[in-house]
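Just so it is clear, none of the values below were taken in a lab; they were calculated from the coordinates. These numbers come from a predicted model, not from an experiment. Neighbour counts are summed over all protein chains in view; Cβ atoms, including those assigned to glycine, are modelled from backbone coordinates with ideal geometry.
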Protein chains: 4
Amino acid sequence: MTRSILILTTGGTIDKSYFDALSEYQIADSAIGSLLKEARVALPFRIVELMRKDSLELTDADRALIAATAREAAETRIIVTHGTDTMTETAKVLAQEVPGKTIVLTGALSPARFAESDASFNLGLAFATAQVAAPGVWIAMSGEVFDGLKVRKDRDAGKFVEVD
Amino acid sequence: MTRSILILTTGGTIDKSYFDALSEYQIADSAIGSLLKEARVALPFRIVELMRKDSLELTDADRALIAATAREAAETRIIVTHGTDTMTETAKVLAQEVPGKTIVLTGALSPARFAESDASFNLGLAFATAQVAAPGVWIAMSGEVFDGLKVRKDRDAGKFVEVD
Amino acid sequence: MTRSILILTTGGTIDKSYFDALSEYQIADSAIGSLLKEARVALPFRIVELMRKDSLELTDADRALIAATAREAAETRIIVTHGTDTMTETAKVLAQEVPGKTIVLTGALSPARFAESDASFNLGLAFATAQVAAPGVWIAMSGEVFDGLKVRKDRDAGKFVEVD
Amino acid sequence: MTRSILILTTGGTIDKSYFDALSEYQIADSAIGSLLKEARVALPFRIVELMRKDSLELTDADRALIAATAREAAETRIIVTHGTDTMTETAKVLAQEVPGKTIVLTGALSPARFAESDASFNLGLAFATAQVAAPGVWIAMSGEVFDGLKVRKDRDAGKFVEVD
C-alpha cells in the first residue's frame, strides 16, 4: 500500500490570480506544487488538476468526477483543494461515494499568490490530517480539523465552525 | 478539558531575523503569532515564549523547563517550535517527562521572515497533528508526521527521515 | 519650498485586493503606505487618497480633481498611483493643467498584495523620478522613465512602450 | 550609444541568504535578476556579478575592480549593488576613477529574500536615477537620491542622511 498522498485540485480562491490583460481575476495554474516545494515536502505526493472552478460553479457531474477519481486512485490518503463556499457539499458526496479512504478538503480565504495568505498553513494542516486521521472525510480550515459532515462556513465571520 | 492549543516557542531558524545595525542574524521576536493570524486560525491557542536559542545552545536545564511547562499546563495538546539540529533530543526528554499529552515539535529550515519559507506549512502540519494524533511526542517536518523517537535530521539532504 | 513628496492614490490594479465574503476583487485600502514603510523611506511624504477606481472608470471630473489637487498642493514633486489602462489620458490632462511641477504616474500590472508584484519597484522608480526629473509629466513603468506624452501601454505585451 | 543599464553586484545585505546546513547566513546567488523579472522590467539591462562580500570586507583591490569594470563598460548608466556599511567609500573611488558616467549605488537594510525588504523599492529608485540623473555618482537609499559624496549611513537610525 502506497504512503504517497494524492492531491486533487479543483480551483477556488486558493488558486486565483489576476490577469492584467483582462482586468480580472481568474483561477490560474495551480499554486499547490510551488507551495509544496517551498515547504520542502519530502513525502511522496502526486498532483492531479481536475478542474479550475469557483466552487459556486461546481456541478453534480464535477462532484461525481472528484469522487470517482478519489475512489479509483491507488492512494488511500487524498487531499482535495476546493473553493470554500460549497466545500461541505462536496464533502457529503465524498462521504457517500468513497468509503475506506482518508480524504481531506482544504482551500483558502486569501489566494496563495497573495503575500499574506492562509494557503500554506491550510495545506500543512491537510497534509498532517491525511497522514494521521482515520478513514473518513475531513475539512481542514481556520486552523482546525473538522468532521466533514459536521461543519459549515460562516461567511460573515470568515471562518469554518462546527455544527451539531 | 480545554480544546485550546499551547504553543511553546524556544527559538531556532524559524524565528531568525537580520539586524542591520549588528550585521548579523539573531533570533528575534517570535513570528509565530503573525503566522497564525495570517492563517486565520480560529481555534483557541496560547503562545508562551520560553527562550530564544539556536537549538545547538539548548542545555539540559532548558529542556527541563520545556518539559515542566508542558507538563504543568492546562492544555493537553502542545506545539513546541524549536531549532532543527537538536529537535530529536528534546523529543526524547519530552517523551520521558510528559506522559498523556499530545506534543508536536516543529520548526523550519528557512526563517519565517523569508518570502519563501517552510514555516507556515510546518505550523499547519503541527496544528493538525496536535488535534488528531494520539498522546505521545511527534515531529512534524518535511511534510511528514514522524514518531518523535523514530526520526533524525539528515543535514546534508535538508530533510527529516524515519529511522528504525 | 518643501522637499516633501505628495502621493495621490486613485486606485488601479496596484491596490486591488480579494474579498472572500463577496467572492470578488475590489480596490481596497491603499497599500502604498505599507510599501513605503517596508522600503524604509526617510524622505518626508504625504499620502492623499483621492478615489478607489479601476482606471477604465475614471471620469473627466475625476481627472479634473486629480489635476486641481496637484496644482493646489504645496508640494512641487508629486506621484500619482493609477490604473494602467488610462494612465496616459490622465498624463495629458496633468500636462495641460499643472505647469511647473514634476508629476510622476505609476501603478502596477500585478497587485501590491501579491507575493510577486511590480508595485514596490515601480514606486521606487517613481520616487527617484519625482526627485531627479525636470518639471513635467512622467510615467514610471516597466523599469523605464517615459515622457508622459510619448508612451502607450501595449496590453498584449504587458508593458509600456515609447511612441514617437 | 546604448540605452542598456549595467548592474554590477558586489554582495551586501541585499543578497544575504540563510544556509541551514551551515546554520549561518552568507551572501548567496544574487537576487537582483529575480527582482527585475518580478518588476517586469522591459528596459534592456546586463548583470555582472563581481564579488559576494559583506561591504566591511571589501579591499582596495575590490574597489579598483569595480571602478575598472564601470569605466571599461559600453554602458554609460551603471547600478552597483553594495553592502551599506562602506557604500560611501566606494562612491568616492568611483567619483575619482569613472568620469562621465551616471553611477548609482544601492543596497538594502533587509535582505531581498525576506518577505519584508527595501530591496525592490531601492532597485527601482536606482533604475530611475540611472536613467534620469546627470553623470556623477549617486546613492539611492532610504527613499532618497543623494549626491554620492554628500551622504553618510546613520547606523543607529537605520537610514542614510545628507551631510554638508
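What the table shows:
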quantity: GNM result for chain D, Cα springs below 10 Å: residue of D:Phe121, D:Phe45, D:Phe19 fluctuating most strongly; calculated: D:Phe19
quantity: Computed Rg/Rh of segment D:5-162, alpha carbon atoms with Kirkwood Rh; calculated: 0.94
quantity: Distances in nm from A:Ala157 to the matching label points in the other copies, shortest first (labels 7 Å along Cα to Cβ); calculated: 4.3, 4.9, 5.3
quantity: Dipole magnitude of the protein assembly as shown about its Cα centre (Cβ charges: Lys, Arg +1; Asp, Glu -1), debye to nearest 20; calculated: 0 debye
quantity: Of C:Pro135, C:Pro99, C:Pro44, the one that fluctuates the most in a GNM where chain C has Cα springs shorter than 10 Å; calculated: C:Pro44
quantity: Cut-off 20 Å (backbone N to label point 7 Å along Cα→Cβ of C:Arg152), residues of segment C:49-74; calculated: C:55-57
quantity: Euclidean distance between Cα centres, segment C:27-55 to segment D:40-67, Å; calculated: 32 Å
quantity: Nearest beta-carbon to the D/A symmetry axis - residue in chain D, distance in Å; calculated: D:Ala115, 3
quantity: Of all DSSP beta bridges in segment A:5-162, antiparallel share, percent nearest 5; calculated: 40 percent
quantity: For the protein assembly as shown, share of DSSP beta bridges that run antiparallel, in % to the nearest 5; calculated: 40 percent
quantity: Mean shadow area of segment A:80-119, taken as a quarter of the surface of its Cα convex hull (nm²); calculated: 3.0 nm²
quantity: For segment D:5-162: lysine pairs under 21 Å (alpha-carbon distance), excluding those fewer than 8 apart on one chain; calculated: 13
quantity: Nm distances between copies for A:Gly33, ranked from closest, using label points 7 Å along Cα→Cβ; calculated: 2.1, 3.9, 4.1
quantity: Among A:Leu123, A:Leu94, A:Leu35, residue whose mean-square fluctuation peaks in a GNM of chain A (springs only between Cα atoms under 10 Å); calculated: A:Leu35
quantity: Estimated FRET transfer efficiency (B:Gln96, C:Arg3; beta-carbon r; R0 56 Å; 0.05); calculated: 0.30
quantity: Loop sites in segment B:1-102: trypsin sites (Lys or Arg not before Pro), DSSP, at most 12 other Cβ within 10 Å; calculated: B:Arg3
quantity: Interchain or long-range residues, amide H under 5 Å from B:Ile47's placed H; calculated: B:Ile7
quantity: Globularity index of the protein assembly as shown, i.e. its alpha-carbon radius of gyration over 2.2 N^0.38 Å; calculated: 1.03
quantity: Residue-averaged [θ]222 nm for chain B, counting only DSSP H segments that reach four residues, each worth -39500 (n - 2.57); calculated: -8500 deg cm²/dmol
quantity: For segment A:113-145 and segment C:81-119, distance of Cα centres in Å; calculated: 40 Å
quantity: Length-normalised contact order of chain A in % [C-alpha pairs under 8 Å, at least 6 apart]; calculated: 23 percent
quantity: C:Ala68-C:Met51 pseudo-label distance in nm [points 7 Å out on the Cα-to-Cβ vector]; calculated: 1.2 nm
quantity: Three semi-axes of the equivalent ellipsoid, segment D:77-164, Cα gyration tensor, whole Å, largest first; calculated: 20, 15, 11
quantity: For B:Ala115, residues with placed amide H under 5 Å, excluding near neighbours; calculated: D:Phe114, D:Ala115
